[in-house]
Amino acid sequence: MRKILSATLLFVAALGFTACSGEEDDLFDMSAAERLNAAKDLYSSRLMAQPNGWAMQFYPTYDNEAPNGKGYLLLTRFNKDFTADVCGYIWPYWSEDQVGQAGNSETEWRVHYLNLYRETTAFWEIITDNGPVLSFNTYNDNMHYFSDPDYRSSDSEHGTGFGGDYEFIVVEAPDDASYMMLKGKKRGTYNLLTPIEEGIVYEDYMADVTNFQNYLFPTNAPTFNVVHFGDSIYKMIGAEEGLPNIYPYDGDPIANESFNPFLITKRGDNYYLRFRDAREFPDNVTVQDFLYNTEKDVLESVDYPDYFIGGDTVARFLNEALYANRQWQINSRSEMSASMKEAYTAMNDQMRAGKYTLSNVAIILDPNGVPSISIRYTANRTNANMYYKVNIVREGNDLVVNLGEVSDGGRVLLQKFPAIETFMNTLCRRLTGAAATTQFNLNTIKLISADNADDWYVFTLR
């Protein structure tokens, strides 16, 4: 069993019995001042035990709204000269923006985020205050950014900043320095520190973790995630903002609203998602930390495999995006199987021979709001779309696509270029939807013939 150093208990033990001076020599070989120094040295050594520092999951407050309630990743190296290198990437700021229509606008305080990697160095020390406290005791542009009164809040002129701490009670400090748990002295938020391996460059680490988070939770293809807490199923929306709402799958998102800020870190080759707050379930089940399982393509609880987070289904999201006036598109550069490439190339070549330039093919709503397959091309220097109405029926994760009534213009184009009809037949059939990369990120989807798995296209959301 891993030996955990309970900071408060050890600190009390280090100071205990000092009032009984007659017993001091029997209990301790050190004076009270020496014991204080020993405690400081102990916790300082634990912080410095990781030569490349720590990934600190920093939460300024327990607020349920951005920006104070969001998490921020700070990479921190505690040097032996008692300087600390604190590095970060995402920084909130308020600005007074013009809102409303021109001529009838007003100003409103809004939060924005600066995506900028920056490094700072300042001093730190362990102080004693009813227990060991880590203090960043000189101004650090990154750590103190969250408590600096110059960064006024949106609803106050008192300059409360973002509410963060710069002094932290040491709550847990294992003797193997495998992690540390700090608690904000003023705000009381718990902030986990996990080691960063030697040789890892901080800026590369931040880019890696940020790219992975954007990969799982893209902002340009917002969809919900499916959360399985044992036998109960939930939706998770807003993960791309870092403060998602988790509510029963068929429930109302407002009536069942919850706030679940999280951060992603990396250890070795593994990515971890940790929510700020643990969720408790019957039978003493508590979940907070999730590991990305590459093989299953899910975020799996590190303790309970039947508690996991997955992505949306392709067929459902395709329809939702379609009716949100997005389109699914392929062109000559898209990934597709050899058989599909042959059909697409034949259509492209035949149109080129007839002085038409094929731009792309898309699953889209036509100008009347009807699902269609559009052939976009240029002829006589004029861009044009030919829409072929289709009926799309969703059956599980399959899509049954049937060609509808063809317009007069559509018939003319089919007669002029028969390869278009051959190509259309590759789409107008039963198709199985699959994620092109990950079920979390459906910016690209793979539509596969249900009859022949070797026939497929990769469509991109536009």
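The values are calculated or read from the model by the stated rules, or taken from the named source; none is laboratory data. It should be emphasised that the depicted structure is a prediction, and the values quoted were computed from it without experimental measurement. Note that each Cβ is placed from the backbone with ideal geometry, even for glycine, and that neighbours are counted across all protein chains shown. Only protein heavy atoms, including side chains, enter the accessible area calculation; ligands, DNA and RNA are left aside. Shrake-Rupley method; radii C 1.70, N 1.55, O 1.52, S 1.80 Å.
Number of residues in region 182-227 that are more than 18 Å from the chain's Cα centre (by Cα), loosely packed, with under 15 Cβ neighbours inside 10 Å and among the small types (Gly, Ala, Ser): the value is 2.
Pairing residues of region 38-49 that are under 15 Å from Phe123 (Cα atoms) with residues that are loosely packed, with under 15 Cβ neighbours inside 10 Å and at pLDDT 90 or above, at Cβ distances under 7 Å and at least 6 apart in sequence or on separate chains, gives Met48/Lys80. Cβ-Cβ distance below 6 Å, separation of 6 or more or different chains: which pairs start in region 216-238 with a residue that is on the phi > 0 side of the Ramachandran plot and end on one that is in a loop (DSSP other than H, G, I, E, B) and open to solvent by 20 Å² or more (accessible area, probe 1.4 Å)? Pairs that qualify, where the first residue is on the phi > 0 side of the Ramachandran plot and the partner is in a loop (DSSP other than H, G, I, E, B) and open to solvent by 20 Å² or more (accessible area, probe 1.4 Å), are Gly230/Asp306.
Scanning region 59-85 for residues that are open to solvent by 50 Å² or more (accessible area, probe 1.4 Å) and outside any loop (DSSP other than H, G, I, E, B) yields a single hit, Arg77.
For first residues located in region 349-369 and more than 14 Å from Asn383 (Cα to Cα), partners that are assigned to a helix (DSSP H, G or I) and at pLDDT 95 or above and lie 6+ apart or on another chain with Cβ distances below 6 Å form the pairs Gln350/Ala419. How many residues are in a strand (DSSP E or B) and either at positive phi or of a type outside the set (Val, Ile, Thr) (or both) if we restrict to region 451-462? Residues in region 451-462 being in a strand (DSSP E or B) and either at positive phi or of a type outside the set (Val, Ile, Thr) (or both): 4 in total. For region 234-270, the set of residues classified as open to solvent by 30 Å² or more (accessible area, probe 1.4 Å) and within 18 Å of Met206 (Cα to Cα) consists of Glu240, Glu241, Lys266, Arg267, Gly268, Asp269, Asn270, listed by residue number.
The residues of region 358-382 that are open to solvent by 80 Å² or more (accessible area, probe 1.4 Å), modelled with pLDDT under 95 and within 20 Å of Gln415 (Cα to Cα) amount to a single one, Asn380. Would you confirm, using the coordinates I've provided, whether Gly53 is small (Gly, Ala, Ser), surrounded by 20 or more Cβ atoms within 10 Å (Cβ to Cβ) and under 18 Å from Gly184 (Cα atoms)? Spelling it out, it is not the case that Gly53 is small (Gly, Ala, Ser), surrounded by 20 or more Cβ atoms within 10 Å (Cβ to Cβ) and under 18 Å from Gly184 (Cα atoms). If I filter region 201-210 for residues that are modelled with pLDDT under 95, outside any helix (DSSP H, G or I) and farther than 21 Å from Arg276 by Cβ, do I get at least one hit? The answer is no; no qualifying residue exists.
Which of the residues that make up region 273-290 are free of Cβ contacts under 8 Å to residues at least 40 places away in the same chain and more than 20 Å from Tyr62 (Cβ to Cβ)? Give the derivation first.
The initial filter retains those residues of region 273-290 that are free of Cβ contacts under 8 Å to residues at least 40 places away in the same chain, namely 273, 275, 277-278, 280, 282-284, 286, 288-290.
Residues satisfying the conditions are Pro282, Asp283, Asn284, Phe290.
Restricting region 101-134 to residues that are charged (D, E, K, R) and outside any loop (DSSP other than H, G, I, E, B), which is surrounded by the fewest Cβ atoms within 10 Å (Cβ to Cβ)?
Just the residues of region 101-134 that are charged (D, E, K, R), to begin with: 106, 108, 110, 118-119, 125, 129.
Remaining after also requiring outside any loop (DSSP other than H, G, I, E, B): 106, 108, 110, 118-119, 125.
Values: Glu106: 8, Glu108: 12, Arg110: 12, Arg118: 14, Glu119: 14, Glu125: 14.
Applying the filter and picking the extreme gives Glu106.
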